[in-house]
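Right, one structure below, let's go through it.
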C-alpha cells in the first residue's frame with residue numbers, strides 16, 4: 001500500500017452552524033454585515049425614470065434603426081405620453097396619433113423647456129435650468 005502524500009491527507013473538519021441570510025425584498029439593500037436596509041436610498045438614474053418625470057412635455061426623439069435600407073435614422077417629435085423600461089410612447093399634438101418607440105433604437109432626446117430631474121438618493125425632484 002502506498003503512503004498518502006502529506007499534502008493530500010484528510011484535514012479534520014469542524015462542524016460550524018450554517019446561517020441563512022435574512023430575506024431581502026426587491027429594492028432593499030443588504031450590507032456586508034448582513035443588515036437589511038429599506039429601499040429608501042432611491043432609484044438609480046435610468047433614462048426611463050428621467051423620462052417619467054417629464055411626461056406631458058414636447059420632445060424630439062432621435063432613433064437609429066440598423067440594417068434598414070429605407071431609413072437608418074429617424075427623428076420623431078411629440079408629447080411624451082409614457083415611458084417604460086423598453087419603450088416610450090409619444091403623441092403628435094396636431095393629429096393625436098400615438099407612436100410607440102423601442103428604447104433599443106433610442107439615441108437621445110431634446111426638449112425645448114427645462115427638464116424635471118431627480119438625482120439618485122435625493123428626496124425631491126429638481127428642475128434643470
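The values are calculated or read from the model by the stated rules, or taken from the named source; none is laboratory data. Keep in mind that this is a model prediction, so the values were computed, not measured. FYI the Cβ positions are ideal-geometry reconstructions off the backbone, even for glycines, and counts take in every protein chain you see.
One line per residue, one yes/no per condition, for (1) within 10 Å of residue 61 (Cα to Cα); (2) buried (at least 16 other Cβ atoms within 10 Å of the Cβ):
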{"site": "79", "(1), (2)": "no, yes"}
{"site": "85", "(1), (2)": "no, no"}
{"site": "89", "(1), (2)": "no, yes"}
{"site": "95", "(1), (2)": "no, no"}
{"site": "101", "(1), (2)": "yes, yes"}
{"site": "107", "(1), (2)": "yes, no"}
{"site": "113", "(1), (2)": "no, no"}
{"site": "116", "(1), (2)": "no, no"}
Anything in region 48-66 that is under 20 Å from the mean Cα position of the chain (by Cα) and either more than 25 Å from residue 118 (Cα to Cα) or without any contact (Cβ under 8 Å) to a residue 60 or more places away in the chain (or both)? List them, or say none. 48, 51, 52, 55, 61, 62, 63
Tally time: how many residues in region 59-76 are farther than 12 Å from residue 107 by Cα and surrounded by 14 or more Cβ atoms within 10 Å (Cβ to Cβ)? 1
Being at pLDDT 70 or above and touching a helix residue (DSSP H, G or I) at 6+ places or on another chain (Cβ under 8 Å) is the filter here, so list the residues in region 21-70 that pass it. 47, 48, 63, 64, 65
Those residues of region 67-120 which are within 16 Å of the chain's Cα centre (by Cα) and assigned to a loop (DSSP other than H, G, I, E, B), in sequence order: 84, 85, 86, 118, 119, 120
